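Here the structure comes first, spelled out in structure tokens, and everything after it is commentary.
The values are calculated or read from the model by the stated rules, or taken from the named source; none is laboratory data. Quick caveat, the model's predicted, so the values are computed rather than measured. Note that each Cβ is placed from the backbone with ideal geometry, even for glycine, and that neighbours are counted across all protein chains shown.
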Amino acid sequence: MADAGEKGGSSLLIIILDTNPVWWGRKKVSDEQFSLSHCVDCITVLANSHLMLAHKNKLAVIAAHTDSSVFLYPQYPGKQTAAAKLPDDGQYEVFGQVEGQLRAQLKMLIMQDKEEIDEMYDVPERPSDSLIAGAMAVALCYAHRLEKECPIGEAMSTRLLVIKGSEDCPAQYMNFMNAVFTSQKQNIIIDACILDKDSGLLQQACDITGGMYLKIPQLQGLLQYLMWVFLPDPSTRVKMALPPRAQVDYRAACFCHRNLIDIGYVCSVCLSIYCSFSPICSTCQTTFKILGPQKLKRKKKS
Ligand SMILES: [Zn+2]
Ligand SMILES: [Zn+2]
């Protein structure tokens, strides 16, 4: 596989995993075998395969939770709370670390949730969407830092893979699109692996950055899709017969109600989008004149 590693550079793969407890909790009965644990197994295999392709390849896994984004791998230095699993005999040390840290960090995340729920009398309803935009911003910062640390003359290519099950959150539209355009500027490709309903926002993200968008037809085959579609780097993908590109839903969210709209009003100054006419733009405070019938100008008497 013609990975960036072979050309002397390294390849950074950042996996964003949607860990929304609401979605993982209400999975369909027919997919009983498919759990978060199974998903993490698949991700571990993908991650290890990526690390195996080239010695310099790097990896990061970030969990997008309901209200936070947490690094599952690597851990922050100095925050060694989760005990890493000791490698089995003959297992490459890094593989053992990846697996152990992913599982330990996820466990901590879930236990924190449980503690919060136990402490509260009436449990507020958990949002059914995840902080994908936040996790993407964290990923971009991390990629930026690694790029800066890269030795001079060495190139690093970065890819983002979002594995998402929960619904889109139009409230994150602005932050999400900002992250997408930043990725585009930084030549970072965004891939999306959708486990449930189609995501209009991620379709746009993949289309803009030249990534691959795929809604998994069968959850049981997640590992196969990850390995065949998302493991090869973009230069290799050109030579492969991959699933056809999805139709992109290019609707934007209005800034007033965060609804996805087909036709709306656009502020001529700051390009904010509104679903109904408002005389004052709430983003840039520009006042618009309401067009009434034009007054007839009086002829000047000479
Ligand atoms: Zn609106
Ligand atoms: Zn405006």
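The set of residues from region 105-136 being of a type outside the set (D, E, K, R) and in contact (Cβ under 8 Å) with a residue 60 or more places away in the chain comprises 106, 109, 110, 127, 128, 130, 131, 132, 134, 135, 136.
Give me the residue from region 256-265 that is modelled with pLDDT of 90 or more and either closer than 19 Å to residue 290 by Cβ or assigned by TED's automatic domain parsing to the domain that holds residue 171 (or both) and, out of that set, farthest from ligand 2 (Cβ to nearest atom). Selected residue: 264. Just give me the residues in region 151-167 being surrounded by 15 or more Cβ atoms within 10 Å (Cβ to Cβ) and either without any contact (Cβ under 8 Å) to a residue 40 or more places away in the chain or more than 12 Å from the chain's Cα centre (by Cα) (or both), in sequence order. 156, 157, 158, 167 - these are the residues of region 151-167 that are surrounded by 15 or more Cβ atoms within 10 Å (Cβ to Cβ) and either without any contact (Cβ under 8 Å) to a residue 40 or more places away in the chain or more than 12 Å from the chain's Cα centre (by Cα) (or both).
The residues in region 229-263 that are among the aromatic types (Phe, Trp, Tyr) and surrounded by fewer than 14 Cβ atoms within 10 Å (Cβ to Cβ) can be counted, and the count is 1.
Each row is one residue, and each column tells you yes or no for (1) at pLDDT 80 or above; (2) crowded, with 22+ Cβ neighbours inside 10 Å; (3) touching a Lys or Arg at 6+ places or on another chain (Cβ under 9 Å); (4) acidic (Asp, Glu).
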| residue | (1), (2), (3), (4) |
| --- | --- |
| 14 | yes, yes, yes, no |
| 29 | no, no, no, no |
| 33 | no, no, no, no |
| 37 | yes, no, yes, no |
| 44 | yes, no, yes, no |
| 54 | yes, no, no, no |
| 58 | yes, no, no, no |
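Listed by first and then second residue, the pairs with beta-carbon distance under 6 Å, at least 6 apart or on different chains, first residue in region 253-269 and within 13 Å of residue 283 (Cβ to Cβ), second among the aromatic types (Phe, Trp, Tyr) and within 7 Å of ligand 1 (Cβ to nearest atom), are 254/274; 256/274; 265/274.
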